[in-house]
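The values are calculated or read from the model by the stated rules, or taken from the named source; none is laboratory data. In this text the structure is predicted, and so the values were computed from the model without any measurement. Cβ: placed from backbone, ideal geometry, glycine included. Neighbour counts: every protein chain shown. In case anyone asks, the SASA skips ligands and DNA or RNA and just uses the protein heavy atoms, side chains included. Shrake-Rupley method; radii C 1.70, N 1.55, O 1.52, S 1.80 Å.
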Amino acid sequence: MQYVDEFRDPELAKTLLAHIRHKVSAIAKASERPLQLMEVCGGHTHAIYKFGIDQLLPPEIEFVHGPGCPVCVLPMGRIDGCIEIAERPEVIFCTYGDAMRVPGRNGSLLDAKRRGADVRIVYSPLDTLTFAEQNPDKQVVFFGLGFETTMPSTALTLQQAKRRGLTNFSIFCQHITIIPTLRSLLEQPDVRIDGFLAPGHVSMVIGTTPYGFIAEDFHKPLVVTGFEPLDILQALAMLVDQIHDGRCEVENQYKRIVSQQGNALARKALDDVFELKESSEWRGLGSIAGSGVQLTPAYREFDAELRFNTQEHQEVADDPLARCGDVLTGRCKPNDCPLFGTRCTPQNAFGALMVSSEGACAAYYQYRRGLA
Ligand code: SF4
């Protein structure tokens, strides 16, 4: 198949694996512990386990599954806020499908739909503007969720809503940014990460420049990479080359998509619509300064929480047995959690890392359950 097969060539994979093994064996002689490499993005986690990349690598490489899945870090209190709005009789609440099953204190958006709320799954936020135009007697609310990957489409939708003069459209904003979160992770004294595979989709928007502090301030190597098996293997080869040579640089394996400066048009739309919030809560990670966004004054009329004057939903602590936060910071693997595969399964998820198709626990459950 054109455009896919060339990124799954077994001979090229063998060559890259031989290179990685050779470099890692030299590093291992000088180190007493395995290399811990964080794949920041849930899309990479799934690709690594789906294609068995972890099983092909030498045991001296361990993956740490990072916080780059927006559904996995979605706090329960924010789901409670969505449900408070969705259950109002005048509201059509629209969301991406992967947020439907994330549990809050009063169940999930799917539970709210079962109770009678008008909750609809959309593939593009622009569809919600059509709903608003077709239902002038209703309030249409879009759940804006995700990193810089999905933020531009929410921003363009808001610009369209303003242009069209829609007064029955608003968004519940849960957009978050990856850079402050990586800094916060690196500032934690007991988190040990030797290098990063950085997310391809987010980087397509923000470019490679914002990662510079990871190399300069924290002296860690980083490679931006794509999602096909050869992308990931090539990025791993670049990462172990840096570690072997004692270099800490930001490198870009995904040049066919990602540039140094990112997408200027998308960033312009983000600057128009969003501004950084003082602090945002992340499930399992706590509050992180400057890690989330809110609407700029020019777009604040579209803020659903202001429009419906919602309550401030409290932070909700996870079950003390759940280890979602430890998985997100690399302190343990999903199958170290006592709830994994028992109280927490994809059918009956306790934590969001099991709900989302990009969650590390869902990846382990789907591809490595027999090893648990
Ligand atoms: S198995 Fe469930 S509760 Fe445990 S860390 Fe994973 S998502 Fe969280």
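Comparing Leu265, Leu230, Leu197, which has the greatest mean-square fluctuation in the GNM of the chain with Cα pairs linked when under 10 Å apart?
Comparing Leu265, Leu230, Leu197 in the GNM, the peak value goes to Leu265.
Determine the per residue accessible area of the stretch 231-365 with all protein chains present and a 1.4 angstrom probe, expressed in square angstrom.
For the stretch 231-365, the solvent-accessible area averages 47 Å² per residue.
For the Cα atoms of the chain, what angle does the longest principal axis make with the long axis of helix 229-245, in degrees from 0 to 90, nearest 10?
60 degrees
Within the stretch 289-372, list the GluC sites (Glu not before Pro) lying in a DSSP loop whose Cβ has at most 16 other Cβ atoms in a 10 Å radius.
Those satisfying the criteria are Glu312, Glu315.
Counting other Cβ atoms within 10 Å of each Cβ, which GluC sites (Glu not before Pro) in the stretch 1-71 have at most 13 and sit in a DSSP loop?
Loop-located and lightly packed - Glu32.
Roughly how many Å² of Thr342 are accessible to a 1.4 Å probe, to the nearest 10?
Approximately 100 Å² of Thr342 is accessible to the 1.4 Å probe.
Thr345 versus Glu216, label points 7 Å from Cα toward the beta carbon: distance in nm?
If labels sit at Thr345 and Glu216, their model points lie 5.0 nm apart.
First compute the accessible area of the stretch 243-372 with a 1.4 Å probe, then give the percent of it belonging to carbon and sulfur atoms.
Its accessible area is 47 percent carbon and sulfur atoms.
Of all the stretches in the chain, which is the longest one without any exposed loop site, taking chymotrypsin sites (Phe, Trp or Tyr not before Pro) in a DSSP loop (any state but H, G, I, E, B) with at most 12 other Cβ atoms within 10 Å?
No qualifying site falls inside 124-372, the longest such stretch.
What are the lysines whose alpha-carbon lies under 18 Å from the alpha-carbon of Lys113, with same-chain residues fewer than 8 places away excluded?
Of all the lysines, those that pass the test against Lys113 - Cα under 18 Å, at least 8 places apart if same chain - are Lys138.
With everything on Cα atoms, drop me the angle between helix 178-187 and the longest principal axis of the chain, reported from 0 to 90° to the nearest 10.
Value to nearest ten degrees: 50.
Could you tell me what percent of the accessible area of the stretch 1-58 is made up of carbon and sulfur, with a 1.4 Å probe and every protein chain present?
57 percent
Could I have the simple spin-label model distance between Val191 and Gln159, label points 7 Å from Cα toward Cβ, reported in nm to one decimal?
3.3 nm
Calculate for the chain the 222 nm mean residue ellipticity that helices alone would give, adding -39,500 (n - 2.57) per DSSP H run of length 4 or more and normalising by residue count, nearest 500 deg cm²/dmol.
The helix-only estimate for the chain comes to -11000 deg cm²/dmol at 222 nm.
For the chain, take the longest principal axis of its alpha carbons; what is the angle in degrees between that and the long axis of helix 151-164, to the nearest 10 within 0 to 90?
The angle comes out near 20 degrees.
Separation between the Thr167 and Arg33 pseudo-spin-labels, each 7 Å from Cα along Cα→Cβ, expressed in nm?
Using points 7 Å along Cα→Cβ, the separation is 6.1 nm.
Mind ranking Thr310, Thr130, Thr157 by accessible surface for me, highest first, 1.4 Å probe?
Of Thr310, Thr130, Thr157, the descending order of accessible area is Thr130, Thr310, Thr157.
Springs between alpha-carbon pairs under 10 angstrom, Gaussian network model over the chain: which of Gly81, Gly165, Gly359 fluctuates most?
Evaluated over the chain, the most mobile residue of the options is Gly165.
Can you give the local net charge around Ser357? Use residues other than it whose beta-carbon is closer than 12 angstrom to its beta-carbon, Lys and Arg +1, Asp and Glu -1.
0
Determine the gain in length on full extension of the stretch Asp272-Leu321; use 0.36 nm per residue of separation and subtract their C-alpha separation, reporting nm with one decimal.
Gain on stretching Asp272 to Leu321: 13.4 nm.
Counting only residues 5 or more places away or on other chains, whose amide H sits under 5 Å from the amide H of Phe274 once H atoms are built in the peptide plane?
The list, which skips near neighbours in sequence, is Thr296.
Rolling a 1.4 angstrom probe over the protein heavy atoms, how many square angstrom per residue are accessible across the stretch 27-186?
36 Å²
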